[in-house]
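A short worksheet on the structure shown next.
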Amino acid sequence: VLLCLPDSPDVERVVLGDEEEPNPVVDGLSEGMTVIDHSTISPTVADRIADDLAERGVTMLDAPISGGESGAIEGSLSIMVGGDEERLDEQRDVLDVMGETVTHCGASGAGQTTKACNQIVCAAQMVGVSEALVFAGQAGADLEAVVEAISGGAAGCWTLDNRAPDMIHGDFDPGFFAEYQYKDLRIATDAGEAFGSPMPQTELAHELYKSMVQNGMGRDDNSGVMQVIEMLAGSEVRVED
C-alpha cells in the first residue's frame, strides 16, 4: 500500500482510523504486507504508526519524496526511506519507477528526519536567493547578470538554476506550494524542539512562509517567498519582459 497525504494527522487518520475515518487502511491489511508512506510528516508520528502496524505484523516504510511536480512526472524523485532495510530491498523495484535516487536512511522515522533536513536546506536557499535578488535590484544591478554570475560560483545551487530565472520575472507558478513549505518547516521546527536541536535559520524561514500564507500567497511556488522580502523592501524587483 502506497500513501501520499498532506500532514501527520491525515496519515494517522487514514492508516489507523478515528471517529472521522471508520474504515482505515489497517483494517484491510494482512500480516506480512508493507505500507510505504510518501507523505512528509513528523518523524515521531511516523515511528509511532510503524510501531502500531508492527504489532499487527505489517511493516511500514516512511519514504518521503523530493523533486517536485517535475520529478514526479519524470520519475526522477529522490526518495528517503526509514524502516527495515530488507523490506525496502523487497520493494525497491516499485520505488525505482518513481525515484532516481532511493536511499535507506535508518530506522523508522529516519526518512522523515532526512526530509526535514532537505526542507531546511531548500528553505534556506529560497530565502537566501530571494534576499540576494532583492538586494541586487535595490542596488541597481542587472538581475539576469547577477543570476548568471553567482550560479557559477560558490553560491551555485538548485534554486539559482531552477527558480531564479522565473523569480526575477515575477513568475511564481507553483511547482511546490508555499503552504506546503510552511507546513514542512513547522514539522522541522517541532522536531528540532523535540530533539533539542537549535534551528535559528529555519525558525526565520518558517515566519517568512507564514507571512506568505497569511497574505494569500500560499498557493504560489515556494520561491514566491521573494515577494515577502519585496514587501519588506517596499518595492518589487523585476526584469521587464
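Set the Förster radius R0 to 45 Å, insert the Cβ-Cβ distance between Glu86 and Glu207 as r into 1/(1 + (r/R0)^6), and round the FRET efficiency to 0.05.
0.60
Pairs of Cα atoms nearer than 8 Å and 6+ residues apart set the relative contact order; for the chain it is 16 percent. Charged neighbours of Tyr180, selected by a Cβ distance under 14 Å, balance to -2 (K, R count +1; D, E count -1). Sequence-ordered 3J(HN,Hα) estimates for region 39-49 from the Karplus curve with 6.51, -1.76 and 1.60 and θ = phi - 60° stand at 5, 9, 9, 5, x, 6, 5, 4, 5, 5, 5 Hz, glycine and proline given as x. Here is the P(r) of region 2-107: all C-alpha pair distances, binned every 10 Å from 0, give 15, 48, 31, 6 in whole percents. Close amide H partners of Gly106, meaning residues 5 or more places away or on another chain with modelled amide H under 5 Å apart, are Gly83. Each Lys or Arg adds one and each Asp or Glu subtracts one; over the other residues with Cβ under 12 Å from the Cβ of Asp10, this totals -4. Whole-Hz Karplus values for region 127-141 come out as 5, x, 5, 4, 4, 5, 5, 5, 4, 4, x, 5, 7, x, 7 Hz, taken residue by residue from phi with 6.51 cos²θ - 1.76 cosθ + 1.60 and θ = phi - 60°; glycine and proline positions read x.
Here the Karplus curve 6.51 cos²θ - 1.76 cosθ + 1.60, taken at θ = phi - 60°, turns the phi angles of region 227-232 into couplings of 5, 5, 5, 5, 4, 5 Hz, with x standing for Gly and Pro.
The order of Thr101, Thr159, Thr34, going from fewest to most other C-beta atoms within 10 Å of their C-beta, is Thr101, Thr34, Thr159. Legend: ranking of residues Thr40, Thr103, Thr113, Thr189 from fewest to most surrounding C-beta atoms inside 10 Å; resulting order Thr103, Thr189, Thr113, Thr40.
GNM on the chain, alpha-carbon springs under 10 angstrom: the most fluctuating residue among Met212, Met199, Met80 is Met199.
Based on the Kirkwood radius over alpha-carbon pairs, what value in µm²/s does the Stokes-Einstein equation return for the translational diffusion coefficient of the chain at 25 °C and 0.890 mPa s?
The diffusion coefficient I find is 128 µm²/s.
Ellipticity at 222 nm from helices only: DSSP H runs of n ≥ 4 in the chain, each -39500 (n - 2.57), divided by the residue count, give -16500 deg cm²/dmol.
Going from the residue with the fewest nearby Cβ atoms within 10 Å to the one with the most, Ile73, Ile41 rank Ile73, Ile41. For an R0 of 25 angstrom, estimate the FRET efficiency from the Cβ-Cβ distance between Ala107 and Ser76 and round to the nearest 0.05. For R0 = 25 Å, the calculated efficiency reads 0.40. For the pair region 178-241 and region 26-67, the centres of their Cα atoms are 29 angstrom apart. On the beta carbon distance between Leu232 and Glu100, with R0 = 35 Å, the FRET formula returns roughly 0.40.
Pairwise alpha-carbon distances in region 113-233 exceed 25 Å for 22% of all pairs.
Every number in this text was worked out from the coordinates using simple rules, so none of it is lab data. In this text, all values refer to a predicted model and were calculated from it rather than measured experimentally. Methodologically, a virtual Cβ is constructed for each residue, glycine included, from the backbone with ideal geometry; neighbour enumeration extends over all protein chains shown.
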